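Notes follow the structure.
Taken together, the values in this text are just the output of simple stated rules run on the coordinates, not laboratory data. Remember, predicted model here, so these are calculated numbers, not experimental data. Neighbour counts are summed over all protein chains in view; Cβ atoms, including those assigned to glycine, are modelled from backbone coordinates with ideal geometry.
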Amino acid sequence: MTLADVLVLLGGLAINLGIAWFFWGPRKGGVRAAPTSGGYQEAMVLVKGGYTPDVIVVQRGKPVRLNFRREETAACSEMVVLSDFGKSAKLPEGETVAVEFLPERPGEYEFACQMGMLRGKLVVE
């Protein structure tokens, strides 16, 4: 094996590790959803190469409204699925779509695109 072969092999390995970390690596602490005058806990989620923020903290027993705004054309981001709450929504590009639900049990719940590549987490306290 030549030096060039070794460098190509190491480069490919580094790229694969970077991709794995991006999609399945650890997430930051999270953003607490803000209370509104209507009684909802509300957060805006930007959909562009992922979800920003990708961790949202809410209180159990109080209604939640997540506003998703898709700013890209990738097919993967056309829909968001919150399977634990039985909710999903199509996300037209450039529009804000609200998803409302009531979290009743504490825990960590995932939301994702329909292919599972874009992922976020809802932490219910």
Debye calculation, C-alpha points only, no solvent: report log10 I(q)/I(0) for region 53-110 at q = 0.28, 0.29 Å⁻¹, in the same order as the q values.
-1.29, -1.34
Using +1 on the beta carbon of Lys and Arg, -1 on that of Asp and Glu, and nothing else charged, what's the dipole of region 1-117 about the Cα centre, debye to 20?
400
Tell me which residues come under 5 Å, amide H to amide H, from residue 55 once H is placed; ignore anything under 5 positions away on its chain.
31, 121
So, in nm, how far is label residue 13 from label residue 108 when the simple model puts each one 7 Å beyond its Cα toward the Cβ?
2.9
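Using just the helices of the chain, give the 222 nm mean residue ellipticity in deg cm²/dmol: DSSP H runs with n ≥ 4 each add -39,500 (n - 2.57), and the total is spread over all residues, rounded to 500. Kindly include the intermediate steps, with their values, before the conclusion.
On the way: 1 runs with 22 residues, N = 125.
Computed ellipticity for the chain at 222 nm equals -6000 deg cm²/dmol.
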Under 23 Å between C-alpha atoms is the cut-off here; go through region 28-124 and count lysine pairs that meet it, provided they're at least eight residues apart or on different chains.
9
Can you tell me the Rg and the Dmax, both Å, for the Cα atoms in region 14-119?
14.0, 48
Positive-end extreme of charge dipole, the chain - chosen from 94, 74, 17 (charges on Cβ):
94
Contact order normalised by length for region 28-124, with contacts defined as Cα pairs under 8 Å and 6 or more residues apart; what percent is it?
28
Using the basic label-point model (7 angstrom from Cα toward the beta carbon), what is the residue 5 to residue 90 distance in nanometres?
5.2
Choose one of 64, 124, 114: the residue whose Cα lies farthest towards the positive end of the charge dipole of region 28-124 (beta-carbon charges +1 Lys, Arg; -1 Asp, Glu; about the Cα centre).
124
